[in-house]
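Peer 1: What follows is a single structure, and I will ask about it in a moment.
The values are calculated or read from the model by the stated rules, or taken from the named source; none is laboratory data. Keep in mind that what you see is a predicted model, and the values were worked out from it rather than measured. Because the Cβ atoms are built from the backbone with ideal geometry, glycine has one as well, and the counts that use them run over all protein chains shown.
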Amino acid sequence: MSTFVLVPGLWLGAWAWDAVVEPLRAAGHTVHPVSLTGLAERSGEGGSDVGLETHITDVTDLVTREDLWEVILVAHSGGAVPVTGAADRVPERIRRVVYVDSGPISDGVALSDLWEPGFRTLLEDSVVDGHRLPLPSFEDFRAAGTSLDGLDGPALARFRERATDHPARAVREPLHLTGGGEELPKALVSCSFPLEQVRAMIAAGHPYFTALAGPAWELRELPTGHWPMFSRPAGTAAVLAELAALPAS
């Protein structure tokens, strides 16, 4: 049995993993879904000072406080940034890093650096009180090319109802790495892009995908939209369990 730490993407809390946690725990795994500072039930914590380092510390503090070892550390979407940072800080406790429809972030890069200019401007212009980033409209997500496949009207309504403003500083701050997590086994679960397309972009040297070319990577496909924990929770749990069962090297 494996130990999972699940970090959601922007605007989400631990609740986003509920339908994934249930089958993993039913199979005997230990699962720790995370709400980062300023989000979900922790929305009242902190303020303008909540940044990327705060969120990295949220993850590393959980791992050390619960004395977790051989962790399968899972990042969805924008959760890739604090997860990459946490794996860098406590690599000795991590067995594998899994990126769900996301990917590793390089040293010196902020999450907002990766957004298309139009989408970045839209989000920056929406910031409230200088430090709170609201969930964009689903129409804006579609216009930016973010797939909502698998999410019907009620699912989208629940998403919007439970989403919380994301700390803007956490997406603006660049990630600083020491190289501690470079050699860890890693995996990509591609949802929005067919794996054939991902492999083609790796081969072409696409800057977002070149890091996935190394031998440390396992590549998997789970065809659905960008939020598979909502659209295909059983499939998400199954692919995470499969990756956890692989040898660490």
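Peer 1: Just the residues that are assigned to a loop (DSSP other than H, G, I, E, B), modelled with pLDDT of 95 or more and surrounded by 23 or more Cβ atoms within 10 Å (Cβ to Cβ), please, taken from region 68-106.
Peer 2: Asp101
Peer 1: I need the full set of residues from region 3-32 which are buried (at least 21 other Cβ atoms within 10 Å of the Cβ) and either assigned to a strand (DSSP E or B) or among the aromatic types (Phe, Trp, Tyr) (or both), in order please.
Peer 2: If the condition is that a residue be buried (at least 21 other Cβ atoms within 10 Å of the Cβ) and either assigned to a strand (DSSP E or B) or among the aromatic types (Phe, Trp, Tyr) (or both), then Phe4, Val5, Leu6, Val7, Trp11, Trp17, Val31 are the ones that fit.
Peer 1: Based on this model, can you work out whether Ala144 counts as farther than 18 Å from Pro233 by Cβ, modelled with pLDDT of 95 or more and among the small types (Gly, Ala, Ser)?
Peer 2: No; evaluated as a whole, the condition is false for this residue.
Peer 1: For the structure I just gave you, tell me whether Ala170 is at pLDDT 95 or above, within 23 Å of Gly38 (Cα to Cα) and among the aliphatic types (A, V, I, L, M).
Peer 2: yes
Peer 1: What single numbered condition from (1) surrounded by fewer than 24 Cβ atoms within 10 Å (Cβ to Cβ); (2) out of contact with any helix residue (DSSP H, G or I) (no Cβ under 8 Å at 6 or more places or on another chain); (3) assigned to a helix (DSSP H, G or I); (4) not aromatic (Phe, Trp, Tyr) fails to hold for Val63?
Peer 2: Unmet condition: (2).
Okay, residues lined up against (1) hydrophobic (A, V, I, L, M, F, W, C); (2) farther than 23 Å from Pro134 by Cβ:
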| residue | (1), (2) |
| --- | --- |
| His32 | no, yes |
| Thr37 | no, no |
| Leu52 | yes, no |
| Val63 | yes, yes |
| Ile72 | yes, yes |
| His76 | no, no |
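Peer 1: Would you confirm whether any residue within region 237-249 is under 25 Å from Leu36 (Cα atoms), modelled with pLDDT of 95 or more and part of a loop (DSSP other than H, G, I, E, B)?
Peer 2: So far as region 237-249 goes, no, none of its residues is under 25 Å from Leu36 (Cα atoms), modelled with pLDDT of 95 or more and part of a loop (DSSP other than H, G, I, E, B).
Peer 1: Could you list, in sequence order, all residues of region 168-183 that are under 17 Å from the mean Cα position of the chain (by Cα), assigned to a loop (DSSP other than H, G, I, E, B) and of a type outside the set (Asp, Glu)?
Peer 2: Pro174, Leu175, Gly181
Peer 1: Right, something else. Out of (1) touching a His at 6+ places or on another chain (Cβ under 8 Å); (2) more than 22 Å from Arg120 (Cα to Cα); (3) hydrophobic (A, V, I, L, M, F, W, C), the odd one out for Ala168 is which?
Peer 2: Answer for Ala168: the failing condition is (2).
Peer 1: Is at least one residue of region 113-124 in contact (Cβ under 8 Å) with a residue 40 or more places away in the chain, assigned to a loop (DSSP other than H, G, I, E, B) and crowded, with 16+ Cβ neighbours inside 10 Å?
Peer 2: The answer is no, given that none of the residues of region 113-124 is in contact (Cβ under 8 Å) with a residue 40 or more places away in the chain, assigned to a loop (DSSP other than H, G, I, E, B) and crowded, with 16+ Cβ neighbours inside 10 Å.
Peer 1: Being assigned to a helix (DSSP H, G or I) and over 18 Å from the mean Cα position of the chain (by Cα) is the requirement here; does Phe159 meet it?
Peer 2: No; evaluated as a whole, the condition is false for this residue.
Peer 1: Let me ask something else. Return yes when Asp140 is surrounded by 14 or more Cβ atoms within 10 Å (Cβ to Cβ), among the charged types (D, E, K, R), within 18 Å of the chain's Cα centre (by Cα) and not in a loop (DSSP other than H, G, I, E, B) and no when it is not.
Peer 2: Working: surrounded by 14 or more Cβ atoms within 10 Å (Cβ to Cβ): yes; among the charged types (D, E, K, R): yes; within 18 Å of the chain's Cα centre (by Cα): no; not in a loop (DSSP other than H, G, I, E, B): yes.
Against the criterion (surrounded by 14 or more Cβ atoms within 10 Å (Cβ to Cβ), among the charged types (D, E, K, R), within 18 Å of the chain's Cα centre (by Cα) and not in a loop (DSSP other than H, G, I, E, B)), Asp140 does not qualify.
Peer 1: Continuing with the same structure: Residue under question is Gly44, and the condition is that it be crowded, with 24+ Cβ neighbours inside 10 Å, within 24 Å of Glu161 (Cα to Cα) and not basic (Lys, Arg); does it hold?
Peer 2: When the stated conditions are applied, Gly44 does not pass them.
Peer 1: Moving on to the next point. Can Leu10 be described as more than 17 Å from Ala163 (Cβ to Cβ) and in contact with a helix residue (DSSP H, G or I) (Cβ under 7 Å, 6 or more places away or on another chain)?
Peer 2: Working: more than 17 Å from Ala163 (Cβ to Cβ): no; in contact with a helix residue (DSSP H, G or I) (Cβ under 7 Å, 6 or more places away or on another chain): yes.
No.
Peer 1: Taking region 201-222 only, how many residues are assigned to a loop (DSSP other than H, G, I, E, B), in contact (Cβ under 8 Å) with a residue 24 or more places away in the chain and in contact with a helix residue (DSSP H, G or I) (Cβ under 9 Å, 6 or more places away or on another chain)?
Peer 2: Here the count works out to 3.
Peer 1: List every residue pair whose Cβ atoms sit under 7 Å apart, with the two residues 6 or more apart in sequence or on different chains, where the first one lies in region 178-200 and is within 27 Å of Pro91 (Cβ to Cβ) and the second, anywhere, is in a loop (DSSP other than H, G, I, E, B) and among the charged types (D, E, K, R).
Peer 2: Val189/Asp101; Ser190/Asp101; Cys191/Asp101
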